[in-house]
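The values are calculated or read from the model by the stated rules, or taken from the named source; none is laboratory data. Since this is a predicted model, take the numbers as computed values, not measurements. As a convention, Cβ positions derive from the backbone with ideal geometry for all residues, glycine included, and neighbour counts pool all protein chains shown.
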Amino acid sequence: MKSCKRLRGGLAVLLLGASAACGGGGSSTGSSPSAPSSTPMNIAGTWKGTASDSTGPGDITLTITQSDASVSGTATFNLTGTPVTGRGTLSGSVSGSTLHVTISIPAGGFDAPYTTCTATMNTDGQIGSGSITATYSGTNSCGGPISSGTMTLSKS
């Protein structure tokens, strides 16, 4: 059970890095369509940092590609103090300086003995000058719910 808790913490870290909140749209008057609130920030590149949730801390790396407001890429995490590594994909959107990302780790994305485990995390965050701060939550098929997650990333 202790291994599952450690895996869940690492997974939370991975999934955390992955997503941030969506911004709202603009306002409209009459029958005119609403305009976007702002141009999305460009966050393409590699982001590295730390994440922590109720099960523990870890390190996370996101490699993000961007097309207009849509983002996609890969996520890798290492649970602090263990050899556990997880690898998955991310997808989401940027609106102004807000980010919403979902990170998914498929079966086979975790190192042994957790190769059958899967995880999904939803992250909402703010993009700053060279940084992303976010909160996250999700599920891990081997460890259950992931909650109270926070992460801080810097562009590398």
Report task. Please go through the stretch 67-86 and pick out each residue that is within 18 Å of Asn122 (Cα to Cα), surrounded by fewer than 20 Cβ atoms within 10 Å (Cβ to Cβ) and free of Cβ contacts under 8 Å to residues at least 40 places away in the same chain. Result -> Ala69, Ser70, Ser72, Thr74
Report summary line: Quick count over the stretch 65-87, residues being modelled with pLDDT under 95 and touching a Pro at 6+ places or on another chain (Cβ under 9 Å), is 3
Query raised in the report: modelled with pLDDT of 95 or more and closer than 19 Å to Asn140 by Cβ, is that true of Ala12?
Result: no
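Evaluate the following for Ala107: is it surrounded by fewer than 21 Cβ atoms within 10 Å (Cβ to Cβ), farther than 14 Å from Gly58 by Cα and at pLDDT below 95? Walk me through it before giving the result.
Details: surrounded by fewer than 21 Cβ atoms within 10 Å (Cβ to Cβ): yes; farther than 14 Å from Gly58 by Cα: yes; at pLDDT below 95: no.
Answer is no for this residue.
Yes or no, residue by residue, for (1) more than 14 Å from the chain's Cα centre (by Cα); (2) within 19 Å of Thr85 (Cα to Cα); (3) crowded, with 16+ Cβ neighbours inside 10 Å; (4) at pLDDT below 95:
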site: Ile127; (1), (2), (3), (4): no, no, yes, no
site: Thr139; (1), (2), (3), (4): no, yes, yes, yes
site: Gly143; (1), (2), (3), (4): yes, yes, yes, yes
site: Ile146; (1), (2), (3), (4): no, yes, yes, yes
site: Thr152; (1), (2), (3), (4): no, yes, yes, no
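Would you mind stating whether Ala21 is surrounded by fewer than 23 Cβ atoms within 10 Å (Cβ to Cβ), at pLDDT 95 or above and of a type in the set (Gly, Ala, Ser)? Let's see the steps before the verdict.
Details: surrounded by fewer than 23 Cβ atoms within 10 Å (Cβ to Cβ): yes; at pLDDT 95 or above: no; of a type in the set (Gly, Ala, Ser): yes.
Criteria not met by Ala21.
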